[in-house]
Each structure stands twice: as structure tokens, then as C-alpha cells.
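Please read the structure below before turning to the comments.
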Amino acid sequence: MQLPNPVVLALPRGGVPVGFEIAKALKAPLDLLLVRKIGLPAQPELAAAAVVDGERMDIVLNEEVVSWAGLDNETIEALARKELKEIERRRKAYLSNRPAVSVAGHTVIVVDDGIATGTTVRAALKALAKRGAKHLVLAVPVAPTDTVMSLRGLVDDVVCLATPQTFFGIGEFYRDFHQLSDEEVLHYLRNASTLSGTDEMAR
């Protein structure tokens, strides 16, 4: 693909090694897209919304779940503040609180290690669309066919290497699917900054 002025945004932690390989191939900057699911108080695994960090914070609602649960804006914002604490911890740990890379006018490639339900990625894509990305690409190694189809309308291009009909989880498609440490994430970011010539990203 001929992608002008690309920026690679990886969802940590699992998306970072995948994003690193894409950034290396394109000689593009690698940055993190910090997204946290906002679960219902009584059912934390059921996403009512997601909070997306970056040039600004965006809260993307799952309107169906919010309506069903009867959540008001005050409750959602209170739940979001809890997730923002983890986002702040990760930004400090991985990026030393440096400003996020601007996506305005860029080709933005959103990368994860795979997609299951797509809730988190969907929130990320909706937030990026508001931030002026010129061309939006979703790039993942594996995802269920129906999930990919549901996300196509949010991006200009989708690159997905495998769309199996039978899908039990992302980990089944990896020989090594260990939980990355903070140190490993930092290692990839530092190496990416050197390869792309954006040394300030390593600081």
C-alpha cells in the first residue's frame, strides 16, 4: 500500500510488537493509543463505553448498553475517571508524559494483536475520526469475519491477515502470547524511534 505520511498507533500492550513491525517496514513513527473499556458497575466485562486518550480525551458510548442500564452522564464520567488513572499510569510509564503524536492530516494505522468483539477498537476508531486523520487504516493479524465487517464502515482500509469462521480467542493464533511487560513495551518504542529517526520518542 502506498500510504502518504503514515503514523502507526498501537494498542498496548499486545499491539505494540505488531505495530513495531509495521512502523519498521514503513519507516513511520510508532505511538501508543491508550484506550480503556468502561464496564457497568455490576458487570465490569460488559462495556458501556470506552475512554480514548491522545491529543484530547474522548469518551465513546455504547449507546445500546447505556440505554439498557439507564446510565446518566455523571455516572459514566465517574466510571471514566477510574480508567483514566490507568491511562495516566501507562502514559507516564511508557511515554514519560510526552505529548501524543498529532494525527491531523496523517495516514493513521491502528494496530492491535487481534480483535475479538471489537468494542475497544471501535471506540478508538471513532475517536480518531474526530481528530482529523486524513486516511484511517485498521491493521490486525486476526479477527472474526463478522467483527471485521462491522468495523469496515469506520475506516478507509482494513488489513486483516486471517478471518477464521471459528474463533475462540486471539491467543489460539499465536505460538507465544505472553503478557508483555512494561519493559518490553519501552524496548519496542525506543527501537522504533531510532529506526524512524524520531529520537524524541525515545526520551
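The values are calculated or read from the model by the stated rules, or taken from the named source; none is laboratory data. No experiment lies behind these values; they were computed from the predicted model shown. Every residue, glycine among them, receives a Cβ derived from its backbone with ideal geometry; neighbour counts consider all protein chains shown. In case anyone asks, the SASA skips ligands and DNA or RNA and just uses the protein heavy atoms, side chains included. Shrake-Rupley method; radii C 1.70, N 1.55, O 1.52, S 1.80 Å.
The table that follows gives values for the structure above.
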{"item": "Residue check, residue 71 part of a loop (DSSP other than H, G, I, E, B), under 13 Å from residue 40 (Cβ atoms), in contact (Cβ under 8 Å) with a residue 12 or more places away in the chain and not β-branched (Val, Ile, Thr)", "result": "yes"}
{"item": "Residue match in the range 82-97 (condition: without any contact (Cβ under 8 Å) to a residue 60 or more places away in the chain, in contact with a helix residue (DSSP H, G or I) (Cβ under 7 Å, 6 or more places away or on another chain), open to solvent by 60 Å² or more (accessible area, probe 1.4 Å) and under 30 Å from residue 30 (Cα atoms))", "result": "yes"}
{"item": "Any chance residue 121 is buried (at least 18 other Cβ atoms within 10 Å of the Cβ), β-branched (Val, Ile, Thr), under 20 Å from residue 19 (Cα atoms) and in contact (Cβ under 8 Å) with a residue 60 or more places away in the chain", "result": "yes"}
{"item": "Failed condition for residue 58, given (1) touching a residue at least 24 places away in the same chain (Cβ under 8 Å); (2) open to solvent by 90 Å² or more (accessible area, probe 1.4 Å)", "result": "(2)"}
{"item": "Qualifying residue in the range 6-26 (condition: touching a Gly at 6+ places or on another chain (Cβ under 6 Å), open to solvent by less than 10 Å² (accessible area, probe 1.4 Å), in contact (Cβ under 8 Å) with a residue 60 or more places away in the chain and within 26 Å of residue 187 (Cα to Cα))", "result": "yes"}
{"item": "Members of the range 14-40 that are under 21 Å from residue 58 (Cα atoms) and either of a type in the set (A, V, I, L, M, F, W, C) or out of contact with any strand residue (DSSP E or B) (no Cβ under 9 Å at 6 or more places or on another chain) (or both)", "result": "30, 32, 33, 34, 35, 38, 40"}
{"item": "Leading residue by the ranking (most open to solvent (accessible area, probe 1.4 Å)) among those in the range 125-153 that are in contact with a helix residue (DSSP H, G or I) (Cβ under 8 Å, 6 or more places away or on another chain) and in a strand (DSSP E or B)", "result": "141"}
{"item": "Subset of the range 1-51 (residues that are at pLDDT 85 or above, acidic (Asp, Glu) and more than 14 Å from the chain's Cα centre (by Cα))", "result": "21"}
{"item": "The range 157-186, residues that are over 18 Å from the mean Cα position of the chain (by Cα), surrounded by 13 or more Cβ atoms within 10 Å (Cβ to Cβ) and in a loop (DSSP other than H, G, I, E, B)", "result": "163, 167, 174"}
{"item": "Residues satisfying the stated conditions in the range 32-53, i.e. closer than 28 Å to residue 101 by Cβ and open to solvent by 20 Å² or more (accessible area, probe 1.4 Å)", "result": "35, 36, 37, 53"}
{"item": "Residue, farthest from residue 72 (Cα to Cα), within the range 1-13, restricted to residues that are in contact with a strand residue (DSSP E or B) (Cβ under 8 Å, 6 or more places away or on another chain) and not in a strand (DSSP E or B)", "result": "1"}
